[in-house]
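Structure first, commentary second.
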Amino acid sequence: MLFKVTNIRRKLKVLDKNEGLLLLKKVIKQYKRFLPTLILVLFVAIIASSWILNAKIEVHHKPMDKTITFHNRERYELGSNNGLDIVTMNKRKTTQVVSYQSNNSNQLISVVNITAHSQLVRRVAWNPSGTLIASASYDNTVKIWNITTTSAVVTLNYTDSVTGIDWSPDGSFLAVGSGSGRVDLWNTTSWVLALTLPTSITSYIFYVDFSPDSQWIAIAGYDSNIAEIYNTLNGNLIYKFNAQNRVDVVKWDFTGQYLLISENNGSAHVVNPFNGTILQSWDAHTSVINEFDWKPNDNVFVSVSHDAHLQLWDWPSLTLIKSFTFNNGIWTVSWHPVENIIATGQSFGNITIINATNNNLIDSLDVGSTVFDVEWAPSGQNLAAAREDGVISIFRWNSSMHYIKQPTITYPNGGETLSGLVNITWQAATDSWGHPVTYDLYYSTDDGLSWSLLVANVTSTSYQWNTTAFSDGTAYLIKIVAMGSQGLSTEDVSDGTFSVLNTAHYLSVPVVVYPNGGETLSGLVNITWQAATDSWRHPVTYDLYYSQDGGTTWNILVSGLITTSYQWDTTVFPDGYLYLIKVVAKDNYNLESEDTSDTTFTVQNMVQSSAITSSATSTPVPVTISVNTPSFSIISSIFVLSALSIFPIRQSKRKDSHR
């Protein structure tokens, strides 16, 4: 057929106008029965071409943050409220680009823009209650902002850019990483410098991240191929990860057992820093990974990169669940603490909110300046954004979901011993619609088997409890139930049991059993005593002292014992007959009690000499000489005995001859 068409075209080139018309009429007459079909096909083709052209123009003119690419093998629905498109992914992981409008407009409502710094803001961090926010800037300062008054309540001055910041989950410390590689832990009550970590990094600290229990802190810096983890109490280094490339991001999982680490070539690792095991390594992106974040209390995490991809990963399989593609590099990501939504910040000023359940683009804002960091407040009601122009933007999240975020008990939370008047305290629950919340408090005396109401309808976050009206016990728990509108409620319970003890607090005497007087000790000896008892059931430790002069002076023998015996090596002490032992019991409330041996005892490790008179018969007399070294004592004794057996005989002969 192609050959025939080609020949016809060649013939048409040599035909004149009239011959061409005649040939056209002949063709039409011959194929007129197919003419309606040809016209219909031509019409459909024109309409389709027009639709495709318009669609392409629409995609190119829409902001690219509303165009998302999905890489997946599953079927996802885009939008349910407004009948948005359905995208079906086949088994071959084909990629489709879908452009759509946000199905819920104005979900992110701008509250305030704080002109916070004279240079770019690199990081922001909320305190656990969501009342304060810290900002780190290239203008060499960290500022702490009151979210209500939008005023700076604390300013920390540095000599170089501040590039990393994180607030500990327990609220005790603010970690600050600067351009010189320095990492400081600031006490957030007094704002006194508590600790400076001895890091190996000498340039910009890119990332600092506290573990969920606030006990450990991970850091990563610009000039080094290492990540480090330190103990926040004493600053000791507990783990160092050596990478092939620069390490940019470190992020704890929600359990505090694992650490995500990224290298600037797009590779990533999951490590167990407590045993040094690298659990997984893989190529997560094709460019620098700028941030990780974990879905709250779930084995799913998100990564964002300069390669303009946002990717959701399952742990521990490392299955790529979903992948979103944006027009610009993505600097930051934050997973909402309650809802399954993700906030991102991008180059050129885009902030995007994505529904991670159904893949909807919920909202997108252009703030006009690159967004280096976004962080949800702990309640999920606010979002903070750190911008290149030195501004911190605070947004209110106008959620379509109505929920109450759980309160968190802070005291008593397990292990305490209470008496008298005690303040029960907790972190506030929050209603996503801003409705008021009240609290009912319950107590249990049997480790949660049964509960009794303590007080109802408390509107503050503390309650003074008079424990003297309750029986003593060691299996107490507190439960706080937060209640909002529409019948919503949520609760928290003390992490562990605590004690209520209002009886007199005393520590019984640890009675010395041995040596208690009159004994003679040598070699290894077991000192024993009866256990002391704390009336509030606190743990007890023991310090042992000895005296060589009947109790006039005392010397420490050993401290911090938790048993009721101690093996004493008496051979390293001088012999004596005026020894005493004293046992001192202590508890963690600074109570002490003690007992001393009833009378003195003797320590004798050297055998005493015997005074023996020789008989006239000059029979060899046994003599014992005490020498510290046993082998020397035996040899010396043999030598002396031999000498004595000969010397008297010779002496008598001389006397006889002299006469």
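The values are calculated or read from the model by the stated rules, or taken from the named source; none is laboratory data. These numbers were taken from a predicted model, which means no experiment stands behind them. Glycine also receives a Cβ, built like all others from the backbone with ideal geometry; neighbour counts cover every protein chain displayed. For the accessible areas, the whole protein counts, side chains as well, though only heavy atoms, and no ligand, DNA or RNA atoms are used. Shrake-Rupley method; radii C 1.70, N 1.55, O 1.52, S 1.80 Å.
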Exercise. Ser129: open to solvent by 40 Å² or more (accessible area, probe 1.4 Å) and not in a strand (DSSP E or B), yes or no?
Worked result: yes
Exercise. Within the set of pairs 6 or more residues apart or between chains, which connect a residue that is in contact (Cβ under 8 Å) with a residue 40 or more places away in the chain and under 19 Å from His538 (Cβ atoms) inside region 508-521 to a residue that is polar (S, T, N, Q) and not in a loop (DSSP other than H, G, I, E, B) with Cβ atoms less than 9 Å apart?
Worked result: Ser508/Ser593; Val509/Ser593; Pro510/Ser593
Problem set entry | Any chance Val500 is over 43 Å from the mean Cα position of the chain (by Cα), open to solvent by less than 40 Å² (accessible area, probe 1.4 Å) and of a type in the set (A, V, I, L, M, F, W, C) | no
Exercise. Considering only residues of region 302-360 that are open to solvent by less than 10 Å² (accessible area, probe 1.4 Å) and of a type in the set (Ser, Thr, Tyr), which is farthest from Ala125 (Cα to Cα)?
Worked result: Ser323
For this session: List every residue pair whose Cβ atoms lie under 7 Å apart, where the two residues are 6 or more positions apart in sequence or sit on different chains, the first residue falls within region 302-314 and is under 18 Å from Leu259 (Cβ atoms), and the second residue, located anywhere, is open to solvent by 30 Å² or more (accessible area, probe 1.4 Å) and of a type in the set (A, V, I, L, M, F, W, C).
Result: Trp313/Leu320; Trp313/Ile321; Asp314/Ile321
Seminar exercise, completed: Pairs returned, first residue in region 237-261 that is in contact (Cβ under 8 Å) with a residue 60 or more places away in the chain, second residue that is open to solvent by less than 10 Å² (accessible area, probe 1.4 Å), beta-carbon separation under 8 angstrom, 6 or more apart or interchain, are Asp253/Leu259; Asp253/Leu260; Asp253/Phe301
Problem set entry | Among (1) more than 30 Å from Thr357 (Cα to Cα); (2) touching a Gly at 6+ places or on another chain (Cβ under 7 Å); (3) open to solvent by 40 Å² or more (accessible area, probe 1.4 Å), the one test that Asp283 misses | (1)
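To keep it simple, each residue is scored yes or no on (1) assigned to a strand (DSSP E or B); (2) closer than 26 Å to His306 by Cβ.
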{"residue": "Ser224", "(1), (2)": "no, yes"}
{"residue": "Tyr230", "(1), (2)": "yes, no"}
{"residue": "Tyr239", "(1), (2)": "yes, no"}
{"residue": "Val249", "(1), (2)": "yes, yes"}
{"residue": "Ala268", "(1), (2)": "yes, yes"}
Exercise. Which residue pairs have Cβ atoms closer than 9 Å, lie 6 or more positions apart in sequence or on different chains, and pair a first residue in region 436-448 that is over 17 Å from Lys405 (Cα atoms) with a second residue that is modelled with pLDDT under 95 and charged (D, E, K, R)?
Worked result: Tyr442/Glu491
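Quick grid of which residues meet (1) over 21 Å from Val288 (Cβ atoms); (2) open to solvent by less than 20 Å² (accessible area, probe 1.4 Å); (3) acidic (Asp, Glu):
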residue: Gly181; (1), (2), (3): no, yes, no
residue: Asn187; (1), (2), (3): yes, no, no
residue: Leu197; (1), (2), (3): yes, yes, no
residue: Ile201; (1), (2), (3): no, yes, no
residue: Phe206; (1), (2), (3): no, no, no
residue: Ser211; (1), (2), (3): yes, yes, no
residue: Ile219; (1), (2), (3): no, yes, no
Exercise. Considering only residues of region 251-262 that are open to solvent by less than 50 Å² (accessible area, probe 1.4 Å) and not in a strand (DSSP E or B), which is farthest from Asn299 (Cα to Cα)?
Worked result: Gly256
Exercise. So which residues in region 490-536 are charged (D, E, K, R) and under 20 Å from Asp595 (Cα atoms), if there are any at all?
Worked result: Glu519, Asp534
Exercise. Just for region 167-178: of the residues that are assigned to a loop (DSSP other than H, G, I, E, B) and at negative phi, which one is most open to solvent (accessible area, probe 1.4 Å)?
Worked result: Asp170
Exercise. What number of residues in region 137-166 are among the small types (Gly, Ala, Ser), closer than 13 Å to Thr115 by Cα and either under 25 Å from the mean Cα position of the chain (by Cα) or not in a strand (DSSP E or B) (or both)?
Worked result: 1
Seminar exercise, completed: Within region 515-537, residues being crowded, with 16+ Cβ neighbours inside 10 Å, of a type in the set (A, V, I, L, M, F, W, C) and within 22 Å of Met606 (Cβ to Cβ) number 3
Exercise. Among the residues of region 417-447 satisfying the criterion of being among the charged types (D, E, K, R) and on the phi < 0 side of the Ramachandran plot, which is least open to solvent (accessible area, probe 1.4 Å)?
Worked result: Asp431
Exercise. Which condition number in (1) open to solvent by less than 10 Å² (accessible area, probe 1.4 Å); (2) closer than 30 Å to Trp145 by Cα; (3) of a type in the set (A, V, I, L, M) is the one that Val367 fails?
Worked result: (1)
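One line per residue, one yes/no per condition, for (1) in contact (Cβ under 8 Å) with a residue 24 or more places away in the chain; (2) closer than 30 Å to Asp431 by Cα; (3) among the small types (Gly, Ala, Ser):
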| site | (1), (2), (3) |
| --- | --- |
| Gly484 | yes, yes, yes |
| Leu488 | yes, yes, no |
| Thr503 | yes, no, no |
| Trp529 | yes, no, no |
| Asp543 | yes, no, no |
| Asp549 | yes, no, no |
Seminar exercise, completed: Conditions (1) within 26 Å of Ser334 (Cα to Cα); (2) open to solvent by less than 40 Å² (accessible area, probe 1.4 Å) -> Asn245 fails only (2)
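Given the condition surrounded by 12 or more Cβ atoms within 10 Å (Cβ to Cβ) and under 30 Å from Pro407 (Cα atoms), answer yes or no: does some residue in region 538-546 qualify?
Yes, there is a match, as at least one residue in region 538-546 is surrounded by 12 or more Cβ atoms within 10 Å (Cβ to Cβ) and under 30 Å from Pro407 (Cα atoms).
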Exercise. Would it be correct to say that Gly349 is at positive phi and in contact (Cβ under 8 Å) with a residue 60 or more places away in the chain?
Worked result: no
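Residue-wise test of (1) modelled with pLDDT under 95; (2) under 19 Å from the mean Cα position of the chain (by Cα).
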{"position": "Val176", "(1), (2)": "no, yes"}
{"position": "Trp191", "(1), (2)": "no, no"}
{"position": "Val208", "(1), (2)": "no, yes"}
{"position": "Asn225", "(1), (2)": "yes, no"}
